[in-house]
Amino acid sequence: MFGQMRRIFPAQDAQMSARIARLCVLYEDLRIELLGVTNEIPLLDEVGSELRMHYFLRRSIATLHEFSEALRLLDEFPDFPRVTGIFPNETGSISTASATTQSDANRRFLVSEE
């Protein structure tokens with residue numbers, strides 16, 4: 001298993017590999033959180049499904065913010081365009097630039113509210 005991880009996350013650029021691995025974890029977090037918003041979970045619904053839905057919605061928003069920050073940090077690596085260049089065309093339409101611009105706008109909004 002760890003041999004496969006080295007193939008996916010090469011050691012020659014450990015910092016960029018760590019940031020890509022972080023995106024993988026955040027993606028899985030978001031997937032679970034969105035399932036928590038849309039699916040009944042009887043064990044968590046003791047006090048009502050609305051509370052569970054609100055909880056997972058709040059968590060998914062926080063995860064999306066964290067995801068956009070992770071993309072912004074990846075955008076700082078000069079080799080990252082080489083990585084995104086191998087994505088299929090359908091995923092290539094999602095640019096990291098738009099995610100980082102959105103993150104900057106959100107950061108300015110949050111700071112102005114203090």
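If I ask for residues that are β-branched (Val, Ile, Thr) and surrounded by 12 or more Cβ atoms within 10 Å (Cβ to Cβ), which ones from the range 25-60 would you list?
Val25, Ile32, Val37, Ile41
Given the options Asp29, Asp104, name the one that is in a helix (DSSP H, G or I) and at pLDDT 95 or above.
Matching residue, one of Asp29, Asp104: Asp29.
Of (1) within 15 Å of the chain's Cα centre (by Cα); (2) modelled with pLDDT of 85 or more, Gly36 satisfies all except one. Which?
Failed condition: (1).
Arg82 - would you say it is crowded, with 17+ Cβ neighbours inside 10 Å, among the charged types (D, E, K, R), closer than 30 Å to Gln12 by Cα and at pLDDT below 95?
No; evaluated as a whole, the condition is false for this residue.
If a residue must be assigned to a helix (DSSP H, G or I) and in contact (Cβ under 8 Å) with a residue 60 or more places away in the chain, how many such residues does the range 57-82 contain?
Filtering the range 57-82 for residues assigned to a helix (DSSP H, G or I) gives 57-75, 80-82.
After this cut, where a residue has to be in contact (Cβ under 8 Å) with a residue 60 or more places away in the chain as well, the list is 80.
The total comes to 1.
The values are calculated or read from the model by the stated rules, or taken from the named source; none is laboratory data. Source: prediction; values computed, not measured. Positions of Cβ are backbone-derived with ideal geometry, glycine not excepted, and every protein chain shown enters the neighbour counts.
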